[in-house]
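The values are calculated or read from the model by the stated rules, or taken from the named source; none is laboratory data. Predicted model only: the values in this text are computed from it and were never measured. Positions of Cβ are generated from backbone atoms using ideal geometry, with glycine treated the same way; all protein chains shown enter the neighbour counts. Surface areas here come from the heavy atoms of the whole protein model, side chains and all, with no ligands, DNA or RNA. Shrake-Rupley method; radii C 1.70, N 1.55, O 1.52, S 1.80 Å.
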Amino acid sequence: MNKSMPPTKASKPCTLEQALEIIQELQQQLIDLTAENKKLRDQIAKNSRNSSKPPSSDGYQKPKPKSLRHRSGRKSGGQKGHPGSTLEMVEHPDYLVNHEIAACLNCGRPLDPEASGDYEARQVVDVEPIKPRVTEHRARIQQCPYCGHINKGDFPEGVTQPVQYGSRIGSWVIYFSHYQLLPYKRLQEMMKDVFGVALSQGTISNLQQRCHHKLEPFEQTIKEQLIQSEVVHFDETGMRVNKQLHWMHVACTDSLSLYHLDPKRGSIGMEAMGVLPEFSGRAIHDHLQAYYQYADDHGLCNAHHLRELIYVLEQYEQSWAGRLIDCLIEAKEEVEQCRLKGKQSLPHPRLTYYRRRYSRILCAGRDEIPVLLEPVNAKPKRGRKKQHKAKNLHDRLRKHKSEVLAFIEDFNVPFDNNLAERDLRMNKAKQKISGCFRSLEAGQRFARIRSYISTIRKQSLNVVDSLSDAINGSPFIPQ
């Protein structure tokens with residue numbers, strides 16, 4: 001805001017009325033500049049610790065880590081009983097190499113190689129050089145001696161070309177491109193250096209298209225299972241497609257993942273995904289208003305609430321935000337302890353305690369929240385009056401109390417929506433590496449294959465073997 005100073009002339013003394021008018025204008029200008037300064041300071045104060053901004057936006061001035069968890073009293077590092085992965089000797093090695101002694105190291109006399117002696121063993125774990133293996137399929141051609149008909153044997157299913165790449169090479173291509181997120185150029189170099197196979201970018205694209213087509217029944221099954229699930233996490237994040245902003249939607253559970261890339265973020269994109277319109281369980285999300293059109297019950301991400309409360313506490317010094325942080329953290333820790341004891345919900349007295357404590361904190365916090373006053377000469381605007389950011393958060397927490405505290409009533413409801421955010425994280429890494437998708441078709445292909453890989457990982461299966469099965473027409477279908 002750049003308002004010019006009112007003109008004054010030293011040669012012409014102003015009247016008292018003019019002086020008062022100038023003072024009022026300067027006072028209003030000071031108020032406007034102070035408000036603008038506060039707004040800019042609020043924007044600068046936001047980071048990944050106190051808002052929804054990603055850590056990548058923090059730059060070099062990253063905020064000092066500050067955990068909200070209480071100390072457990074345990075030492076850092078692996079805990080007792082934690083399974084290790086120490087490299088150990090095997091009982092039957094693949095190769096044996098004996099290192100004999102020709103002469104005594106002390107007196108120099110020759111030693112008998114046939115004499116008995118002991119060994120000290122050391123093992124080296126390595127991999128064989130990888131070389132492509134070519135299998136030639138021959139279909140027998142034979143003429144019938146009776147009728148003269150020319151007969152030919154059948155080739156195996158999938159062997160359709162005179163020379164082609166097998167499913168194993170295809171699975172490695174998909175693994176490196178969609179799981180390790182290698183761009184085409186580096187993928188070509190890696191396949192050449194490691195496997196000795198020179199692939200064109202067109203071949204890589206064809207292999208991806210083939211896998212995408214074979215995974216259609218898998219995607220349909222995943223949609224049906226998610227619709228029947230009791231609790232499903234939902235989230236979305238922006239993705240670039242041919243320089244245009246699109247949205248990658250995710251619906252997931254502990255064992256299933258489904259991605260969908262769509263030009264729209266709201267209800268149009270959600271319905272195109274094919275889960276929410278028929279879903280009747282509890283939807284866990286980050287309070288995007290469009291989600292409230294679907295599902296019977298909802299649960300909100302308290303990790304987002306904690307970050308927003310930290311911002312209100314530190315930036316506006318609202319003490320109610322600090323008390324509510326303590327309330328939510330204590331409830332979360334008590335839920336974790338009860339879950340370890342095999343319980344499904346907090347005892348009724350504890351439920352009543354946390355509900356009343358939550359309400360009392362919000363009720364007491366009303367007096368702390370400042371009221372935004374409109375400028376004296378401001379023109380009236382239509383719609384709701386502008387509120388303080390702390391008031392917006394306060395209203396949301398009060399209105400959706402049951403969704404915020406759903407995790408203490410039913411232990412199947414998580415405290416946060418981190419599962420969906422973790423599932424989306426690698427999609428953002430893909431965009432950071434490759435910049436964008438060249439077409440919507442390429443993005444949707446990536447989404448379906450990534451759904452399969454993410455589900456495979458959650459099912460603790462081998463990704464490469466499962467991709468090979470998918471390319472051969474037998475994808476893994478979770479039961």
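List every residue pair whose Cβ atoms lie under 9 Å apart, where the two residues are 6 or more positions apart in sequence or sit on different chains, the first residue falls within the range 237-253 and is free of Cβ contacts under 8 Å to residues at least 12 places away in the same chain and more than 18 Å from LYS223 (Cα to Cα), and the second residue, located anywhere, is small (Gly, Ala, Ser) and open to solvent by 10 Å² or more (accessible area, probe 1.4 Å).
LEU245/GLY238
Run LEU182 past the list (1) under 28 Å from VAL275 (Cβ atoms); (2) in contact with a Phe, Trp or Tyr (Cβ under 7 Å, 6 or more places away or on another chain) and report the number of the one that doesn't hold.
For LEU182, the exception is condition (1).
Restricting to the range 126-161, name every residue that is within 30 Å of GLU88 (Cβ to Cβ) and surrounded by 10 or more Cβ atoms within 10 Å (Cβ to Cβ).
Passing the criteria: only ILE130.
So which residues in the range 462-479 are in a loop (DSSP other than H, G, I, E, B) and within 20 Å of LEU181 (Cβ to Cβ), if there are any at all?
Within the range 462-479, ASN462 is the sole residue that qualifies.
Just wondering, is there one or more residues in the range 183-196 that are crowded, with 19+ Cβ neighbours inside 10 Å and more than 26 Å from the chain's Cα centre (by Cα)?
yes
Cβ-Cβ under 7 Å, sequence separation 6+ or interchain: first residue in the range 19-47 and free of Cβ contacts under 8 Å to residues at least 60 places away in the same chain, partner part of a helix (DSSP H, G or I). Which pairs?
ASN47/ASP58
Could you list, in sequence order, all residues of the range 94-116 that are surrounded by 10 or more Cβ atoms within 10 Å (Cβ to Cβ) and assigned to a loop (DSSP other than H, G, I, E, B)?
Within the range 94-116, ILE101, CYS104, LEU111, PRO113 qualify.
For GLU421, are the conditions met, namely being under 16 Å from the mean Cα position of the chain (by Cα) and charged (D, E, K, R)?
yes
If I filter the range 72-82 for residues that are at pLDDT 85 or above and at negative phi, do I get at least one hit?
Going residue by residue through the range 72-82, those that are at pLDDT 85 or above are none.
Looking through the range 72-82, none of the residues is at pLDDT 85 or above and at negative phi.
Could you list, in sequence order, the residues of the range 313-342 that are among the small types (Gly, Ala, Ser) and either in contact with a Phe, Trp or Tyr (Cβ under 9 Å, 6 or more places away or on another chain) or outside any loop (DSSP other than H, G, I, E, B) (or both)? So that I can check it myself, show each step before the final result.
Initial filter on the range 313-342 (among the small types (Gly, Ala, Ser)): 319, 321-322, 331, 342.
Residues satisfying the conditions are SER319, ALA321, GLY322, ALA331.
Are there any pairs, at least 6 apart or on different chains, whose C-beta atoms fall under 8 Å, with the first in the range 315-332 and within 18 Å of ARG356 (Cβ to Cβ) and the second among the aromatic types (Phe, Trp, Tyr), and if so, which?
Close Cβ pairs (under 8 Å, with a partner that is among the aromatic types (Phe, Trp, Tyr)) amount to LEU324/TYR358; CYS327/TYR354; CYS327/TYR358; ALA331/TYR354; ALA331/PHE407; LYS332/PHE407; LYS332/PHE415.
If only one of GLU216, GLU157, GLU236 is closer than 22 Å to SER439 by Cα, among the acidic types (Asp, Glu) and more than 22 Å from the chain's Cα centre (by Cα), which one is it?
Just a single option satisfies the conditions, and that option is GLU216.
In the range 432-457, what residues are surrounded by fewer than 17 Cβ atoms within 10 Å (Cβ to Cβ), under 16 Å from the mean Cα position of the chain (by Cα) and in contact (Cβ under 8 Å) with a residue 40 or more places away in the chain?
Residues satisfying the conditions are LYS432, ILE433.
Provide a single number: the residues in the range 241-258 that are among the hydroxyl-bearing types (Ser, Thr, Tyr) and either touching a Phe, Trp or Tyr at 6+ places or on another chain (Cβ under 8 Å) or open to solvent by less than 10 Å² (accessible area, probe 1.4 Å) (or both).
1
Please name all residue pairs, on different chains or six or more residues apart, with Cβ atoms under 8 Å, provided the first residue is in the range 387-408 and is closer than 17 Å to TRP320 by Cα and the second residue is assigned to a helix (DSSP H, G or I) and β-branched (Val, Ile, Thr).
Every condition considered, the pairs that remain are LYS389/VAL312; ALA390/VAL312; LEU393/VAL312; LEU397/VAL404.
Looking at (1) surrounded by 21 or more Cβ atoms within 10 Å (Cβ to Cβ); (2) of a type outside the set (A, V, I, L, M); (3) more than 30 Å from GLN337 (Cβ to Cβ), find the lone condition where PHE407 falls short.
(3)
Out of (1) touching a helix residue (DSSP H, G or I) at 6+ places or on another chain (Cβ under 8 Å); (2) assigned to a helix (DSSP H, G or I), what's the single condition that is false for ASP416?
All conditions are met except number (2).
For the range 297-314, how many residues are in contact (Cβ under 8 Å) with a residue 24 or more places away in the chain and open to solvent by 40 Å² or more (accessible area, probe 1.4 Å)?
4
Contact list please: Cβ distance under 6 Å, first residue in the range 72-92 and farther than 26 Å from ILE329 by Cβ, second residue open to solvent by less than 100 Å² (accessible area, probe 1.4 Å), pairs at least six apart or on different chains.
MET89/GLN123
Between residues in the range 409-430 that are under 9 Å from HIS233 (Cβ atoms) and residues that are assigned to a loop (DSSP other than H, G, I, E, B) and modelled with pLDDT under 95, which pairs lie under 9 Å by C-beta distance while being six or more apart or on different chains?
Every condition considered, the pairs that remain are ASN417/ASP286; ALA420/ASP286; GLU421/ASP286.
Looking only at residues that are over 26 Å from PHE218 (Cβ atoms) and open to solvent by less than 60 Å² (accessible area, probe 1.4 Å) in the range 268-296, which one is farthest from the chain's Cα centre (by Cα)? I'd like the intermediate steps shown before the answer.
Here is the first cut: in the range 268-296, the ones over 26 Å from PHE218 (Cβ atoms) are 286-290, 292-293, 296.
Narrowing further to those that are open to solvent by less than 60 Å² (accessible area, probe 1.4 Å): 286-288, 290, 292.
Details: ASP286: 13, HIS287: 17, LEU288: 17, ALA290: 20, TYR292: 22 Å.
Taking the candidates together, the pick is TYR292.
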